[in-house]
Amino acid sequence: MATLDNTSLHLPVENPEAGDFLPLLGTDYVELYVGNAKQAAHYYMSAWGFQPLAYAGLETGLKDRVSYVLEQDKIRLVLTSPLKPGGEINKHINSHGDGVKAIALWVDDAEKSYKETTSRGAESYFEPEIFEDEHGEVKLSGIHTYGETVHIFVERNKYDGPFLPGYKKWNPFYRAEDTGLRYIDHMVGNVGWNEMNKWCEFYAKVMGFAQLVSFDDKDISTEYTALMSKVMSNGNGRIKFPINEPAEGRKKSQIEEYIEFYNGAGVQHMALATNNIIETVTKLRDRGIEFLTVPATYYEEVLDRVGEIDEDLAPLRDLGILVDRDDEGYLLQIFTKPILDRPTMFIEIIQRKGAKSFGKGNFKALFESIEREQASRGTL
Ligand code: FE2
């Protein structure tokens, strides 16, 4: 498989141990448990431009579940549905709706990753195990993180099959044009009241991550909603996990709304990187993806705030793309509305032009947009 770019050189410095005991090569895949994987796969292909990669189900000898694997450049999604009543996947879907079960991390040594993390307090999901087929072998192990979410360590240097042992190449006639999505920039977790520090400490202590930047609730509150957020990063900066918790506001925090509908902590959003956000978002919009909008006044003030940018303002305004700047450059970003029936998970599209931060300057405009959506759902 292709090597991942080191897309962020913003190395965390607050944890001198960062990455030493748990070297991570990148995100291997993200697995969602969904009610209907076949139709979800079609959505991610036709709307998001993912390409079919691999399949496992009744035809490959599985009896109780089915998985479709999709890819776009370095992003791999696995969509898994149960085929029978009962069992862990049904329970997950019943509790959470469709959502992210696993953030799988690509490692050189799945056994060492398991030992280093469980010896530092991680709860085991499953012990190191070798899976084989005619393409070679893969060693996997897993640990629990917030909510019912897990991390799976994937050691695949002795494997040349399409995805993992047990999966066959999936080669349907239908192929959608890609939308220019390249890699996972960050994955954000929402956790309950006063749990942010606990989970940041988990990533620091158990996985050797360090904190990148922090916001306090004054930075990211509006009249109504508020949240607290910290960003944890591994040593080489390839894996970044912001963690949010609700904060007191006049009305219900968007994080509370998530926790209520997801029935606990879980993945709030995936941020997918592109090299041309105008092209990517135009394609996504034309294929039916709905994005949060900001008032036109945002664009009257934005250049005063962020200074000169390469892009024309008109297409950014037409598409609702946001701009923010930090010491190292600027970034362009946009957020979808929830992509599921429950107001839980959404997707961010991000193009970095030097900036290593996460769009703090946009939070206020964005939260006001989220509040308009919450109000329309009666959950503000
Ligand atoms: Fe984000």
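Sort all Cα-Cα distances of the chain into consecutive 20 angstrom bins from zero, then give the percent of pairs in each bin up to the one containing the longest distance.
Here the calculated profile for the chain is 28, 61, 10.
Under a point-charge model restricted to the Cβ atoms of Lys and Arg (+1) and Asp and Glu (-1), what is the dipole moment magnitude of region 26-169 relative to its Cα centre, in debye to the nearest 20?
The dipole of region 26-169 has a size of about 420 debye.
Quick one: compute a quarter of the convex hull surface over the Cα atoms of region 230-269 and quote it in nm².
Numbers: hull surface 13.1 nm².
Directional mean of the projected Cα hull area for region 230-269 stands at 3.3 nm².
Considering the convex hull of the alpha carbon atoms of region 241-380, report its projected area averaged over all viewing directions, in nm², one decimal.
So the mean shadow area of the Cα hull is 8.8 nm².
Rounded to whole Å, give me the distance from the Cα center of region 334-380 to that of region 149-209.
Centre-to-centre distance over Cα atoms comes out at 21 Å.
Just to check, using Stokes-Einstein with a Kirkwood Rh over alpha carbon pairs, what's the diffusion coefficient of region 26-169 at 25 °C and 0.890 mPa s in µm²/s?
Taking Rh from Cα pairs, D becomes 157 µm²/s.
In region 143-176, what chymotrypsin sites (Phe, Trp or Tyr not before Pro) fall in a loop by DSSP, with at most 13 other Cβ atoms inside 10 Å?
Numbers: sites: Tyr146, Phe153, Tyr159, Phe163, Tyr167, Trp170, Phe173, Tyr174; in loops: Tyr146, Phe163, Tyr167, Trp170, Phe173, Tyr174.
Those that pass, being in a loop and sparsely packed, are Phe173, Tyr174.
Report, for region 181-377, the % of DSSP beta bridges that are antiparallel, rounded to 5.
DSSP beta bridges in region 181-377 are roughly 80 percent antiparallel.
For region 58-164, which GluC sites (Glu not before Pro) pass both filters: DSSP loop (anything but H, G, I, E, B) and at most 14 other C-beta atoms within 10 Å?
The qualifying sites are Glu123, Glu134.
Please state the shape class of region 149-193: rounded when a/c is under 1.5, otherwise prolate if a/b exceeds b/c and oblate if not, all from the C-alpha gyration tensor.
On the way: a/c = 2.32, a/b = 1.32, b/c = 1.77.
Oblate, because a/c is 1.5 or more while a/b does not exceed b/c.
Would region 106-249 count as rounded, prolate or oblate if I go by the C-alpha gyration tensor, calling it rounded below 1.5 in a/c and otherwise prolate when a/b exceeds b/c, oblate otherwise?
oblate
Evaluate region 221-318: find the radius of gyration of its Cα atoms, find its Kirkwood radius, and give the ratio Rg to Rh. Can you show the working numbers first?
Numbers: Rg = 16.8 Å, Rh = 16.7 Å.
Rg/Rh for region 221-318 comes to 1.01.
So, R0 is 30 Å and r is the distance between the beta-carbons of Asn275 and Lys63; what FRET efficiency does that work out to, to 0.05? Please report the intermediate quantities before stating the final value.
Values: r = 42 Å, r/R0 = 1.42.
Working from the Cβ atoms, E equals 0.10.
Taking Cα pairs under 8 Å and at least six residues apart, what relative contact order does the chain come out at, in percent?
Dividing the mean separation by the residue count of the chain yields 17 percent.
Express the carbon and sulfur contribution to the solvent-accessible surface of the chain as a percent, rounded to the nearest whole number, probe 1.4 angstrom. Kindly include the intermediate steps, with their values, before the conclusion.
Working: 7630 of 16080 Å².
Reported share for carbon and sulfur atoms: 47 percent.
Placing unit charges on C-beta atoms (Lys and Arg positive, Asp and Glu negative, everything else neutral), compute the dipole magnitude of the chain about its Cα centre in debye, rounded to 20.
760 debye
Might you tell me the accessible area per residue for the chain, computed with a 1.4 Å probe and given in Å²?
42 Å²
To the nearest 20 Debye, how big is the dipole of region 181-377 about its Cα centre, given +1 on the beta carbon of each Lys and Arg and -1 on that of each Asp and Glu?
The calculation lands at about 600 debye.
The values are calculated or read from the model by the stated rules, or taken from the named source; none is laboratory data. What you are looking at is a predicted structure, and each value in this text was computed from that prediction instead of being measured. In this analysis, Cβ positions are derived from the backbone assuming ideal geometry, glycine residues included, and neighbour counts consider all displayed protein chains. Note: accessible area is taken over every heavy atom of the protein model, side chains too, but ligands, DNA and RNA are not part of it. Shrake-Rupley method; radii C 1.70, N 1.55, O 1.52, S 1.80 Å.
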